[in-house]
Amino acid sequence: ATRALTGEAKGDLDPRFRPLVQDLFDRFDIFNGPRDLFSVHALSLASRLPGTDDRWSTGVDLAARIAGELYSPRGRVEVVNLRSHSREFKDDPHGAGDFLQREIAGLQDVPGDFVLFLHGNLMWCRIACGEHPEAQRVGEAALARLRHPELSVALWEHLVENHTFSLFCTGDWTRARELLEVSAPWWEDDLRTSNARLDLLDLAHRGRLDARRWQSLIGEANPNGAPPVMVRHLVAAA
């Protein structure tokens, strides 16, 4: 189930996986499983159940309790990530951002990479609310802490993609291009959200773009890449 869910496009909540999660929760007694890190991940899938399903809040709350018992850095961050996403999916990016800012302040003892991923999410929330100075402050600080980004490529992309989106929105295209072009060769393919950001930047700079590779993706799921809505936006803009 986790492999299926992590195959979603970045930023997309894919409704195809809801029946899979419902089946898992119907089939297995996840609530009385071992109180370990695996159970934290399994219980976190409850966030994909319908909001009317009581197991949604029960699963998320139990995941948080077990993570606290284990004193697992990964588990603690997982729960913060989960609860902030639940606010985002309910169209409350401001609430999600405030929640993240409070929680990050209490995670100073957790190893850096785990917490830096939350900084990327905090950036996105501030961007969604139009709070670009704050988003860019968070982005600059997070990127400065990532001293060997090529050793944490997924995290690097997460930070670069969100930070450059804010830079694009505020007209700092030179800095956005610099970050995207330096990091782009490290991505595992050329259909990432970050690549779509770079192509949108090319379009804004030059007024033209060969969007055929994106055109071919219209109507398709694009695992681990740019969300379908972004693909359509790019093709329409081109």
task: Please go through region 140-193 and pick out each residue that is within 14 Å of Gly120 (Cα to Cα), open to solvent by 40 Å² or more (accessible area, probe 1.4 Å) and touching a helix residue (DSSP H, G or I) at 6+ places or on another chain (Cβ under 7 Å).
output: Arg145, Val153, Phe165
- request: Please work out if Arg48 is open to solvent by 40 Å² or more (accessible area, probe 1.4 Å) and modelled with pLDDT under 80.
  value: no
query: For region 67-94, which residues satisfy the criterion of being more than 20 Å from the chain's Cα centre (by Cα) and over 22 Å from Asp113 (Cβ atoms)?
result: Glu69
- prompt: Can you tell me which residues in region 212-221 are in contact (Cβ under 8 Å) with a residue 12 or more places away in the chain and out of contact with any Leu (no Cβ under 6 Å at 6 or more places or on another chain)?
  reply: Arg213, Gln215, Leu217, Ile218, Ala221
query: Quick one: Trp124 ticks every box in (1) assigned to a helix (DSSP H, G or I); (2) open to solvent by less than 40 Å² (accessible area, probe 1.4 Å); (3) of a type in the set (A, V, I, L, M, F, W, C); (4) in contact with a Phe, Trp or Tyr (Cβ under 9 Å, 6 or more places away or on another chain) bar one, so which box is it?
result: (2)
- prompt: How many residues are buried (at least 17 other Cβ atoms within 10 Å of the Cβ), part of a helix (DSSP H, G or I) and among the aliphatic types (A, V, I, L, M) when one looks only at region 194-234?
  reply: 7
message: Of the conditions (1) aliphatic (A, V, I, L, M); (2) touching a Ser or Thr at 6+ places or on another chain (Cβ under 7 Å); (3) surrounded by fewer than 19 Cβ atoms within 10 Å (Cβ to Cβ), Val110 satisfies every one except a single condition; which number is it?
response: (2)
- prompt: Which pairs have Cβ atoms under 7 Å, sit 6 or more apart or on different chains, and link a residue in region 134-158 that is at negative phi to one that is not in a helix (DSSP H, G or I) and not aliphatic (A, V, I, L, M)?
  reply: Leu146/Ser152; Glu157/Trp187; Glu157/Arg192
Residues that are of a type in the set (A, V, I, L, M) and either in contact with a Cys (Cβ under 7 Å, 6 or more places away or on another chain) or open to solvent by less than 20 Å² (accessible area, probe 1.4 Å) (or both), drawn from region 128-139: Ala135, Val138
query: Out of region 167-193, which residues are in a helix (DSSP H, G or I), more than 17 Å from Ala226 (Cα to Cα) and among the hydroxyl-bearing types (Ser, Thr, Tyr)?
result: Thr174
field: Condition broken by Arg102, with the remaining ones in (1) surrounded by 15 or more Cβ atoms within 10 Å (Cβ to Cβ); (2) assigned to a helix (DSSP H, G or I); (3) without any contact (Cβ under 8 Å) to a residue 60 or more places away in the chain satisfied
entry: (1)
field: Criterion violated by Val115 - all others in (1) over 18 Å from Ala226 (Cα atoms); (2) β-branched (Val, Ile, Thr); (3) surrounded by fewer than 18 Cβ atoms within 10 Å (Cβ to Cβ) satisfied
entry: (3)
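Residue-by-condition table, conditions (1) modelled with pLDDT under 95; (2) not polar (S, T, N, Q):
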site	(1), (2)
Asp92	yes, yes
Gly95	yes, yes
Gln101	yes, no
Ile104	yes, yes
Gly112	yes, yes
Phe117	yes, yes
Asn121	yes, no
Cys125	yes, yes
Pro133	no, yes
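Only residues that are aliphatic (A, V, I, L, M) and crowded, with 17+ Cβ neighbours inside 10 Å: list them for region 51-89, please.
Across region 51-89, the qualifying residues are Val60, Leu62, Ala63, Ala64, Ile66, Ala67, Val77, Val79, Val80, Leu82.
The values are calculated or read from the model by the stated rules, or taken from the named source; none is laboratory data. Worth saying up front: this structure is predicted, and the values here are computed from it rather than measured. Here Cβ is always computed from backbone atoms with ideal geometry, including for glycine, and neighbour counts include all displayed protein chains. For the accessible areas, the whole protein counts, side chains as well, though only heavy atoms, and no ligand, DNA or RNA atoms are used. Shrake-Rupley method; radii C 1.70, N 1.55, O 1.52, S 1.80 Å.
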